[in-house]
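Trainee: My questions all concern the structure below.
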Amino acid sequence: MTDENLDPTPAPELPGGNGVFRAFFDRTGIRAANLDDQLRVVEASVDFGKEFGVSVPSLRGEPLPDLLHPSVRGSVAQQFSWLAEGQRPRFVERVLAMRSGNSVFGGELTGFAVYGPAGQVDSLMALLRPEQGDRGNHVVVGRKKLLTELDARILEGVAAGASTVQLAALVYLSCGGVEYHLTALLRMMKVRNRSALVAKAFSMGLFGVGGWPPRVLPEYVH
């Protein structure tokens with residue numbers, strides 16, 4: 001889907017009633033949701049609901065950020081806030097989203113403002129395009145605490161490129177102690193080396209986005 005196809009110019013015609021919205025997007029198969037100024041779902045296409053593993057009625061009234069992974073909620077909420085304030089007409093952002101059962105899938109989220117007859121922002125639209133090649137093999141992260149504080153600090157250090165010696169100084173362990181915890185992390189994540197460990201952690205959404213050095217989200221630390 002190109003930017004030309006997502007031009008918000010004709011958008012004012014879409015929310016002319018929930019029936020019109022549903023008929024248009026259900027017919028085209030577009031994964032779309034119409035939001036109010038609090039980012040709550042007013043209406044959504046059937047395919048949008050299916051992507052999250054829920055029915056359309058259960059989506060209505062749900063804040064869109066709550067459907068996303070914690071690592072991207074703040075960023076997406078800010079983008080929509082700028083749309084609502086008329087500071088920009090659209091945005092496109094890579095996101096992680098949560099399906100029922102707490103599995104994670106990636107995709108591209110496009111947001112744009114729908115303007116009323118007087119040129120004011122009338123509502124907001126969200127279009128979701130899941131990653132190509134998605135076959136449902138999602139990493140299940142749930143809401144549980146996966147890491148101890150020590151493991152989180154080691155994982156953050158590995159993601160930042162720290163050596164074993166540097167990690168040992170960082171967490172006040174011997175090099176052997178660091179390697180012991182690293183081996184446990186590799187086993188838990190079911191990967192073979194540090195590069196794969198970092199890639200797996202990012203794919204699971206364990207790290208917050210938009211910051212450096214990487215930080216594990218507190219939701220996954222006990």
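Trainee: Can you sort V191, V41 by solvent-accessible area, 1.4 Å probe, largest first?
Mentor: The ranking, largest first, comes out as V191, V41.
Trainee: If a/c stays under 1.5 just call it rounded; otherwise compare a/b with b/c (prolate if a/b is bigger, oblate if not). Do that for the range 21-102, with a ≥ b ≥ c from the square roots of the Cα gyration tensor eigenvalues.
Mentor: Working: a/c = 1.77, a/b = 1.23, b/c = 1.43.
Taking the square roots of the gyration eigenvalues as a ≥ b ≥ c, the range 21-102 is oblate.
Trainee: Let me ask something additional. Between rounded, prolate and oblate, where does the range 168-222 land on the alpha carbon gyration tensor, with a ≥ b ≥ c its root eigenvalues, rounded for a/c under 1.5, else prolate if a/b exceeds b/c? Intermediate values should be presented prior to the final figure.
Mentor: Numbers: a/c = 1.90, a/b = 1.31, b/c = 1.45.
Cα axes put the range 168-222 in the oblate bin.
Trainee: Now a separate question. Would you tell me the accessible area of S103, worked out with a 1.4 angstrom probe on the heavy atoms of the protein chains, in Å² to the nearest 10?
Mentor: S103 exposes around 20 Å² with every protein chain in place.
Trainee: If you keep only loop residues by DSSP, which chymotrypsin sites (Phe, Trp or Tyr not before Pro) in the range 171-205 have at most 13 other Cβ atoms within 10 Å of their Cβ?
Mentor: Y172
Trainee: Then there is this: How about the range 56-115: which GluC sites (Glu not before Pro) there lie in a loop by DSSP and see at most 14 other Cβ atoms within 10 Å? Show your work: numbers first, answer last.
Mentor: Values: sites: E85, E93, E108; in loops: E85.
Passing both the DSSP loop test and the Cβ count: E85.
The values are calculated or read from the model by the stated rules, or taken from the named source; none is laboratory data. No experiment lies behind these values; they were computed from the predicted model shown. Methodologically, a virtual Cβ is constructed for each residue, glycine included, from the backbone with ideal geometry; neighbour enumeration extends over all protein chains shown. Just so you know, the surface numbers come from the protein's heavy atoms only, side chains and all, with ligands and any DNA or RNA stripped out. Shrake-Rupley method; radii C 1.70, N 1.55, O 1.52, S 1.80 Å.
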